[in-house]
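Here is the structure we will look at, set down as structure tokens.
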Amino acid sequence: MHRYWAAAFPEDYENFGYSDDWIAKYNSEIDFAMSKCDRLFSRLVKFVERNPEYTLWIASSMGQNATTAWVVKTQLYLTNIDKFMSALGIPHHAWTQHPTMFPEVGVVIQGEWIEQLRKKIMQFNIEGKSIKFAEKADGFFALFFGHVNLPEKQIDCVEIAGTRISLESLGLENIAIEDETNTNAYHIAEGSLLIYDPQDININKTRKQISTLAITQMLLENFSIPVPEYMNIPQKQYLHIKYI
């Protein structure tokens with residue numbers, strides 16, 4: 001849905017950069033994925049119908065809103081973080097990579113090296129653009145690469161504090177994007193919650209929104225796991241959704 005929303009719903013965009021050929025090539029991708037989802041959902045429904053002591057819960061964040069629709073021929077990725085950290089003067093023992101989704105890179109830096117990373121990142125110049133980053137507690141940094149459509153022939157180096165350094169020595173690579181797209185739709189704030197109880201098939205249309213804290217609290221209590229204090233919600237609200 002992130003990559004092919006524009007192919008399925010081109011009318012959602014005021015400014016549209018894709019060709020008719022691109023739309024024709026990818027406009028069935030979402031339907032295909034949803035057909036696989038439907039098959040899995042049907043198997044789960046059959047399971048709970050055979051085992052009615054179960055209730056089926058499916059929580060998803062797949063609701064989407066259109067973002068932008070332009071051709072993305074290349075993106076800048078960090079493909080070798082060891083080279084990157086070494087080039088910035090941060091020793092291997094001073095950092096740990098954490099899971100993130102490309103092109104974002106997550107890394108935890110030991111305290112004495114935090115300022116070194118912060119300073120170096122702020123000195124980057126990639127064809128006039130910087131590397132955006134977010135700094136969290138305990139030395140965690142999220143580094144946002146993914147610079148799109150950099151000039152393929154000219155972009156073999158970047159500048160750090162005015163000094164040109166090759167992409168290869170920094171562990172960076174300007175990747176060709178095969179389907180020429182990036183993120184032309186993204187999650188809406190509200191996700192989707194589907195609940196099927198074979199012992200109670202009455203449809204309740206009065207509840208349109210449920211707090212995620214309430215859902216989490218219900219699940220934790222069901223498995224006798226202590227509920228963190230910040231998850232406690234008013235009892236009235238909790239009872240309102242407890243027996244969905």
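Structure notes:
- Some residue of segment 53-65 being under 26 Å from I165 (Cα atoms) and not small (G, A, S): no
- Flag if A185 is aliphatic (A, V, I, L, M), open to solvent by 60 Å² or more (accessible area, probe 1.4 Å) and modelled with pLDDT of 85 or more: no
- Residue check for F47: at pLDDT below 95, aromatic (F, W, Y), open to solvent by 60 Å² or more (accessible area, probe 1.4 Å) and outside any loop (DSSP other than H, G, I, E, B): no
- Selection within segment 50-66 - modelled with pLDDT of 95 or more and open to solvent by 50 Å² or more (accessible area, probe 1.4 Å): R50
- Residue among L172, L143, L167 that alone is over 28 Å from I30 (Cβ atoms), buried (at least 16 other Cβ atoms within 10 Å of the Cβ) and over 25 Å from the mean Cα position of the chain (by Cα): L167
- All strands (runs of 3 or more DSSP E) inside segment 106-172 with 1 or more residues being among the hydroxyl-bearing types (S, T, Y): 163-166
- Any hit, segment 69-82, residues being open to solvent by 30 Å² or more (accessible area, probe 1.4 Å), closer than 30 Å to E173 by Cβ, of a type in the set (F, W, Y) and not in a strand (DSSP E or B): yes
- G139 being modelled with pLDDT under 95 and closer than 21 Å to E104 by Cβ: no
- Verdict on N202 being of a type in the set (S, T, N, Q) and free of Cβ contacts under 8 Å to residues at least 60 places away in the same chain: yes
- Scanning segment 83-126 for residues that are open to solvent by 60 Å² or more (accessible area, probe 1.4 Å) and of a type in the set (D, E), we see that the one that is nearest to E178 (Cα to Cα) is E115.
The values are calculated or read from the model by the stated rules, or taken from the named source; none is laboratory data. Here the structure is a predicted model, which means the values were calculated and not measured. Cβ coordinates were reconstructed from backbone atoms using ideal geometry, including for glycine residues, and neighbour counts include every protein chain displayed. Accessible surface is based on the protein model in full, side chains and every heavy atom, while ligands, DNA and RNA are left aside. Shrake-Rupley method; radii C 1.70, N 1.55, O 1.52, S 1.80 Å.
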